[in-house]
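Report on one structure; see the data block that follows.
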Amino acid sequence: MRNRTSQPWAKLRSETTASSKHVLRQVRPSFFLTFLQTLVLALLITGLTSRGLAQASTGETVIQRATEQFESSPLKTTSLGDGLFLFSGDGGNVTAVVDDGSTLLIDSGIDSRITELGDAIHKTTMRPVTRLVSTHWHFDHIGGNVYFGSEGVTIIAQENVKRRLSSVQDVPFVGLQDGHYPPQALPGVTYSSGMTLHQGSQRLTLANYGSAHTDGDTVIFIAPANVVVVGDLFSNCYYPIIDLASGGSIDGMIRALDQLLAQTDGQTKIIPGHGPVATRADLQDYRDMLVQVRQRIQSLVAAGKTLDEAVAAAPTKDFDAKWGSGYVSPDVFTRMVYSSLITDPQ
């Protein structure tokens, strides 16, 4: 994820049209570099606590890796059968559910590639997008909300997503500052713990399992297709971001995954927030990794180890070959889990 600021970007979003998207892409790189330099300088001057310094220094690494991935990865379209399609590569995975007259989207990628994504969706589905479900508030999953909302698409999300998009949000661990978004990007329909939608022959059951990745996560079960879209509760095969600033926690992640596993079977197609389509066995491996890393770091906390000492102990080292190749490095992941445990001890 990248640093973003509220007021200049909010103004650009509110003015987004087909002609202004080119301007938006031109403005971003220099503005991003300027803001990043300012942020680093401010942190050095103000002298934050050790935890704050850890968040800032690791956030830069996450920003660099995520920016390269989201801006340069090719957009790929995959048919899932039963009128479902996956669009991947331009931020968070985007799922389309198509019936005879319309398309329902789950997530909308990043704003800088929305024209490319919109063209791919139209070419693939040949149906207008009428509804959009946002799995959570992060920019790589809601970047196209302005575009679709401006076209009259109904945006649906858990109620905390609307609250967070309506104000400036700061996630120091990943260097993300974003918001507030214009009205057309906000959910017009919200729910608290669950709701049901229908798209042609498919029934979509939306569920929030409490604070996990964030406090506004939505999981979407699609039946009878036997597909579940889980947002950033699962990144395949990458260490996840745990957004502590948005109410997330390692324990909440594990609890949500336990509920997911209880509601899926060996034939379920699982759409992660990032990465390829997965199976229940993949999700189980991911959950087991989180549990083992949590246990190891909890032991370090109980032994009185500092954050830096916990990182030096390399509690993820035997998992890094499989899970450590994403934009969340093993050190960053360790810092997030450690901070989650000392902030929200069980």
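Things to note:
- Label point distance in nm, residue 291-residue 308, each placed 7 Å from Cα along Cα→Cβ: 3.5 nm
- Taking a straight Cα-Cα cut-off under 16 Å and skipping sequence neighbours fewer than 8 places away in the same chain, the aspartates and glutamates within cross-link reach of residue 123 are 99, 100.
- Using a probe radius of 1.4 angstrom, the carbon and sulfur fraction of the accessible surface of region 205-293 is 49%.
- Under 5 Å between amide hydrogens, built in the peptide plane, is the criterion, and for residue 231 it picks out 273 among residues at least 5 positions away or on other chains.
- The residue 226 and residue 262 beta-carbon pair, evaluated with R₀ = 22 Å, returns a calculated FRET efficiency of approximately 0.90.
- Reach of residue 322 by Cα under 12 Å, taken over aspartates and glutamates that are not fewer than 8 positions away in the same chain: 282, 285
- Gain in span if fully extended, residue 78 to residue 168, counting 0.36 nm per residue against the direct Cα distance: 28.9 nm
- Once the C-beta distance of residue 151 and residue 325 is scaled by a Förster radius of 51 Å, the resulting FRET efficiency is 0.90 to the nearest 0.05.
- Positive-end extreme of charge dipole, region 150-212 - chosen from 180, 192, 153 (charges on Cβ): 192
- Calculated from backbone phi, Karplus (6.51, -1.76, 1.60) coupling profile of region 208-216 in Hz, x at Gly/Pro: 10, 9, x, 5, 9, 5, 9, 8, x
The values are calculated or read from the model by the stated rules, or taken from the named source; none is laboratory data. These figures come from a predicted structure and were not determined experimentally. So basically every Cβ, Gly included, is an ideal-geometry build from the backbone, and we count neighbours across all protein chains shown. Ligands, DNA and RNA are stripped out before the accessible areas are found, and what is left, the full protein with its side chains, is counted by its heavy atoms. Shrake-Rupley method; radii C 1.70, N 1.55, O 1.52, S 1.80 Å.
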